[in-house]
Amino acid sequence: MSAPNNQAAWLHQSNTALEVGDAPMPVAGVGELVIKNAAIAINPLDCHMQDSGVFIQQWPAIFGCDVAGEVYDVGPSVENFKKGDRVIGHAINLSSGRPQDGAFALYTVVPAEKAAILPDTIAFTDGVVVPFALEAAICALSLKVPGVAMPGVATPALGLPYPSLQQAPPSGKTLVVYGGSSSVGSMATQLATAAGLRVVSVAGKHNLAFSKSCGATDVFDHKDPLVANKVIEAVGQSSFIGIFDAIATPETYSHDLVILDKLGGGQLACVHPPPADVPANVTAGMIWGINDVATPVWRDYVTPALESGKLQCLPRPTIVGKGLESINEALKRSKAGVSATKLVIEL
Ligand SMILES: NC(=O)c1ccc[n+]([C@@H]2O[C@H](COP(=O)([O-])OP(=O)(O)OC[C@H]3O[C@@H](n4cnc5c(N)ncnc54)[C@H](OP(=O)(O)O)[C@@H]3O)[C@@H](O)[C@H]2O)c1
C-alpha cells in the first residue's frame, strides 16, 4: 500500500500567515511514533513563533506542540504502543527544530515517552488540551536540580513529588499558582494537588470556581487590589513552598515579590525569565517545558488518571474549526486572548 500524503501548515517567513501544503510523510525513528492527527491545539508559544520566528531552527517551519490521534507508525524500541492506538502526544519541534516534530500537520512524529493512550471515552478534541501543559507543569513542579532554560537563566528546581493515582497524604505544604485558570496553571494545580500539596491560586473573578475544580482550596481575583494580602492570609501558617507564576508579567511579578517577602521567601518558578533582582531568600527560575523529568508521569500516570477522572482534560477546548486551514484563525484568536479554554482544531 502506498504511503498517504502528508500536509502541513507551513510558516515560510516570520509574521506571515501559515500556508497549507504538501509535507514529507514522516517515518518513526528509534523510540518514536508517527501520529495521524485527529486534533491539534494552539499554545501562546505558537503565536510567538509565528510572529517573530523565535525558536525556529529550520525554514520553512512546521511547529505546534499538542496532538491527539491514532498511531500510524511505531519506531524501533517502542514497546508500549501499536499501530491504531488512540493517543495524545507532545510534539517537540521547539527543541528539535525538525519540521516532522511539529503538530500543525496531518502526521507528526512524537517521542513515545511523551505520549499516552487516550481512553476510548475521551474525545481527541478533549485529550489534546493535555500534552504541552502537562509537561510544562511537571517541569515547574518536579525538577530536582536546576538546569538551563536559556543562556543565563536557570530552570526552577522545586523537587516536588509526582502526582499519585492514590489519594496522596496531605503534605502540609502550600504552593501558590498565579494564573490558576490558564492552561499551564490549571494543569499545575491538578498535578500539585494530586501530589498532596495544597494550592492557593490567583485567577480571573469569573474563573474562581474553575480553579477550585482543578483542586485549589482558595482562589483570589487577580484584579483585586488586595490580592497579594489575601494570598498571604490564605497561606497562613502552613509550610510555604513558593509560587508558580504561570503568567509572568511585570504586574504578577510585583505581587509575587510582595507575597514572597511577607512569607519569608521561597521558590519562584516562572513561565518566562524571572525578575532580574530577587532577594537572597528567593530562588527564581524559568521553566523550559520539555524535559525527561516528565517521562514517569507520561508512562505511569496519564492514562490511568484520565481513565479514573483524576486527571481532567482542562481547560475545556474551544473548537475553532476543521482542517489545517483553521490554524491561522485559531492563532488570531489566541493572540486576542483566551480565558480558561484551549483553542483546538479538528482534522
Ligand atoms: N517556558 C515554557 O516552557 C512555557 C511553557 C508553556 C507556556 N509558557 C508560557 O506560559 C504562559 C501561559 O501559557 P498558557 O497556555 O497557560 O496560557 P493561556 O491559557 O492562554 O492563558 C490565558 C489565561 O491567563 C490568565 N491571566 C491573564 N492575566 C492574568 C493575571 N494577571 N493573573 C492571573 N491570571 C491571568 C487568564 O485568566 P482569566 O481569564 O481567569 O482572567 C486566562 O485564563 C504563556 O506566556 C506561555 O507562552 C511557557
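Overview of values
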| quantity | calculated |
| --- | --- |
| Subset tally (residues that are touching a residue at least 60 places away in the same chain (Cβ under 8 Å) and of a type in the set (Ser, Thr, Tyr)) for region 192-219 | 1 |
| Scan of region 61-85 for residues that are away from the ligand (no atom under 16 Å from the Cβ), part of a loop (DSSP other than H, G, I, E, B) and among the small types (Gly, Ala, Ser), ordered by number | Gly75, Ser77, Gly84 |
| Those residues of region 220-232 which are out of contact with any Lys or Arg (no Cβ under 6 Å at 6 or more places or on another chain) and within 12 Å of the ligand (Cβ to nearest atom), in sequence order | His222, Lys223, Asp224, Val227, Ala228, Val231 |
| Those residues of region 334-347 which are over 21 Å from Thr189 (Cα atoms), within 16 Å of the ligand (Cβ to nearest atom) and in contact (Cβ under 8 Å) with a residue 40 or more places away in the chain, in sequence order | Ser334, Lys335, Val344, Ile345 |
| Failed item in (1) within 16 Å of the ligand (Cβ to nearest atom); (2) of a type in the set (Asp, Glu); (3) under 21 Å from Val148 (Cα atoms), with Asp277 passing the rest | (1) |
| Pairs, first among the hydrophobic types (A, V, I, L, M, F, W, C) in region 143-167, second assigned to a loop (DSSP other than H, G, I, E, B) and surrounded by fewer than 12 Cβ atoms within 10 Å (Cβ to Cβ), C-beta under 8 Å, six or more apart | Ala157/Lys144; Ala157/Val145 |
| Odd one out for Val54, checked against (1) exposed (fewer than 15 other Cβ atoms within 10 Å of the Cβ); (2) in contact (Cβ under 8 Å) with a residue 24 or more places away in the chain; (3) under 26 Å from Ser14 (Cα atoms) | (2) |
| All positions within region 21-60 that are more than 16 Å from the ligand (Cβ to nearest atom) and either modelled with pLDDT under 95 or aromatic (Phe, Trp, Tyr) (or both) | Trp59 |
| Flag for Thr283 being in a helix (DSSP H, G or I) and either buried (at least 20 other Cβ atoms within 10 Å of the Cβ) or of a type in the set (Ser, Thr, Tyr) (or both) | no |
| Meets criteria (surrounded by 20 or more Cβ atoms within 10 Å (Cβ to Cβ) and within 10 Å of the ligand (Cβ to nearest atom)) for Gly242 | no |
| Hits in region 128-166 (condition: more than 16 Å from the ligand (Cβ to nearest atom) and either buried (at least 21 other Cβ atoms within 10 Å of the Cβ) or of a type outside the set (Phe, Trp, Tyr) (or both)) | Lys144, Val145, Gly159, Leu160, Pro161, Pro163, Ser164, Leu165, Gln166 |
| Candidate set from region 251-263 (those that are part of a helix (DSSP H, G or I) and in contact (Cβ under 8 Å) with a residue 24 or more places away in the chain); member that is farthest from the ligand (Cβ to nearest atom) | Lys262 |
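The values are calculated or read from the model by the stated rules, or taken from the named source; none is laboratory data. Every value quoted in this text rests on a predicted model; they were computed, and no experiment measured them. Every residue, glycine among them, receives a Cβ derived from its backbone with ideal geometry; neighbour counts consider all protein chains shown.
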